[in-house]
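The values are calculated or read from the model by the stated rules, or taken from the named source; none is laboratory data. None of these values were measured; they are calculated from a predicted model. For neighbour counting, all protein chains shown are included, and Cβ atoms are generated from backbone atoms with ideal geometry for every residue, glycine included. Areas reflect the complete protein model, heavy atoms only, side chains present, ligands, DNA and RNA absent. Shrake-Rupley method; radii C 1.70, N 1.55, O 1.52, S 1.80 Å.
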Amino acid sequence: MIELAGIIILGIIAQWVAWKLKLPAILPLILIGLLVGPIATLFTEDGSKLIEPIWNGEKGLFPGESLYYFVSLAISIILFEGGLTLKRSEIKNVGPVISKLITIGSLVTFLGAGMAAHYIFELSWQVSFLFSGLIIVTGPTVITPILRNIPLKKDISTVLKWEGILIDPIGALVAVLVYEFISVGGGGDFTLTALMEFCKILLFGTTFGFTFAHALTAAVKRNFIPHYLLNVVSLSVVLLVFVMSDALAHESGLLAVVVMGMVMGNTDLPNIKELLYFKESLSVLLISILFILLAANINVSDLELIYNWNTLTLFAIIVFIIRPLGVFLSTKGSSLHLKEKLFISWVGPRGIVAAGIASLFGSKLLSKGVVGAEYITPLVFMIVLGTVLLNATTARIFAKMVGVFLKQSEGILIIGASKISRLIANYLKQHNRHVVLIDNNQTNIEKTEKLGIEAINANIYSDSLTDNIELNDMGYLMALTANSDINKFAINKFKKQFGENGAFRLVNADEMNDPENNPKEGLFSHTDDFIKLMEAARKYPAIHEIKIKDQNHYEGLIEITKADENIIPVFLKFPDGDLQIISSFSKSFTGITEGFELVYLGKMFDLDKSAEVMNKA
């Protein structure tokens, strides 16, 4: 009981440490597992592990084959969640570079790493290609923490993020199929019987996954399942599909759950977000337990097996030759520059799916007596740990070396996608600024996207925004919602990450009536709150520019905006085209000369009044 509780506690501590240090969780999880497992045998009195998850024995946490069953069920849930994230629309729209990375890049890794493992370690072709199939995957759970605090162009972040998301279930599927081929071939001899068994696995896996996905979707849509049971029923069905498919066609269960997740992820399923959140939370717990167990299950003899120069050679070939080759072939003819291709080539950490399935398949093949199977688990763990350590420690430095590190983040993140936000965002987009709107109202999101403006449907109280590496170039934050509490929360939570150049929010009614205590982060004007802005945008839905002659002229125009509630100052446009947000302390700009322009929302300035102000100045 103490060991079981200890694994859960250590797992959650590892997840917290990873979050605090901005590292992939897999790194502290595996290190803790190795520490309480094989490394512990070096300092315990009797040479035993602190945690002993014996796979084929009668002692330990999981006697007999119970650990194998637990790992199988846990990975089935993790792969189902991965399948849920794979959308057909994303494959169409992510662009040719990402499409090539998950096809050509995967093929290069599969063939290159397989040949390298075969010739360096003299493994059979079957075992070598199982190894290469396992290390195809990268995964967003390892890439996101590494890139979270590296300011990069959106194109680079997008490529790395979507490669990880799309390649996870694809890489798992390749590994499953290679494993099935080895299993039904009796260790590698190709026969008609083996081919028939292989086809049987494909048939049952795809059929069960497809059928039960549609059945569960229909049950949810017709309200056959009460809302409070939706998540647990879905979990039960996933486990049922895995077990039934595996019983009818041995080893087809993993394929079935991947297919089931992919099908459900591409249907118009109500409450799909709730299901994803539940599966994500469950996956975090399972991953925490799983990787401590799997790392602890490794023996010192396994580590000694790869403690040689051959391992370093294989690692170097995969990281410095195969990954760049796949990236450069996939990005040939694209708009990416050489420095961007180099950075994408450098960042390719392997993740949770690779390590999990490697332990599962390696142990199963070892129990069947497949020659060379003992290399699968330690070699994959070496690639996972090595790539995560390499990228976590050098990605920021390498980004600066090759010149993709953004010295100043110029993107603008707007909280709220109301009419005001859309007007401002459209103006910014027309002036070649990367602008993103955040809202949890789907109608506002759709209206924004129709304008060709990037929008994200998200709740700012969740942590999903901080994990979005595509927002790494955000340097300005504007909170423009109708709710003052939300605006304040957004500023306090996100100003360090997204507002390094400035974080602003709308003033509320109380602050508007007390200009002496106007907040420093007040936006546009201390005389206009959300209601006044909406009213001005309703009457005059446009953004205008007016040329400024000098400092006095600018200050005079600001006074006019204070007197006319239908004119809202928004930006100060510099002669070089740079835009600066006007805060409620609108006189804070100095040194304004001819060539500057005032950008404002609402009613156009009365030219006579403007001239009068200029003459007075």
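Considering only residues that are open to solvent by less than 20 Å² (accessible area, probe 1.4 Å), in contact (Cβ under 8 Å) with a residue 24 or more places away in the chain and within 19 Å of VAL137 (Cβ to Cβ), which ones fall in segment 324-351? If the condition is that a residue be open to solvent by less than 20 Å² (accessible area, probe 1.4 Å), in contact (Cβ under 8 Å) with a residue 24 or more places away in the chain and within 19 Å of VAL137 (Cβ to Cβ), then GLY326, VAL327, SER330, ILE344, VAL347, GLY348, PRO349, ARG350, GLY351 are the ones that fit. Within segment 469-483, if we keep just the residues that are open to solvent by 10 Å² or more (accessible area, probe 1.4 Å) and in contact with a Lys or Arg (Cβ under 8 Å, 6 or more places away or on another chain), the residue that is modelled with the highest pLDDT turns out to be ASP473. Going residue by residue through segment 334-353, is there one that turns out to be more than 24 Å from ILE104 (Cα to Cα) and either basic (Lys, Arg) or part of a helix (DSSP H, G or I) (or both)? No, segment 334-353 has no match at all. Note on segment 491-532: residues that are assigned to a helix (DSSP H, G or I), of a type outside the set (Phe, Trp, Tyr) and at pLDDT 70 or above total 12. Flag: VAL371 matches the condition of being in contact (Cβ under 8 Å) with a residue 60 or more places away in the chain and over 30 Å from ILE344 (Cβ atoms).
Residue-by-condition table, conditions (1) open to solvent by 20 Å² or more (accessible area, probe 1.4 Å); (2) of a type outside the set (Lys, Arg):
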position	(1), (2)
GLU410	yes, yes
LEU413	no, yes
SER421	no, yes
VAL435	no, yes
LYS447	yes, no
GLU454	yes, yes
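Does GLY33 fit the bill of being touching a helix residue (DSSP H, G or I) at 6+ places or on another chain (Cβ under 9 Å), modelled with pLDDT under 80, closer than 22 Å to ARG350 by Cα and small (Gly, Ala, Ser)? No: the conditions fail for GLY33.
One line per residue, one yes/no per condition, for (1) part of a helix (DSSP H, G or I); (2) open to solvent by 10 Å² or more (accessible area, probe 1.4 Å); (3) at pLDDT 80 or above:
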site	(1), (2), (3)
TYR69	yes, yes, no
GLY82	yes, yes, no
LEU107	yes, yes, yes
SER128	yes, no, yes
THR138	no, no, no
ILE150	no, no, yes
SER157	yes, no, yes
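Within segment 321-370, the set of residues being farther than 19 Å from MET115 by Cβ and among the basic types (Lys, Arg) comprises LYS332, LYS339, LYS341, LYS364, LYS368.
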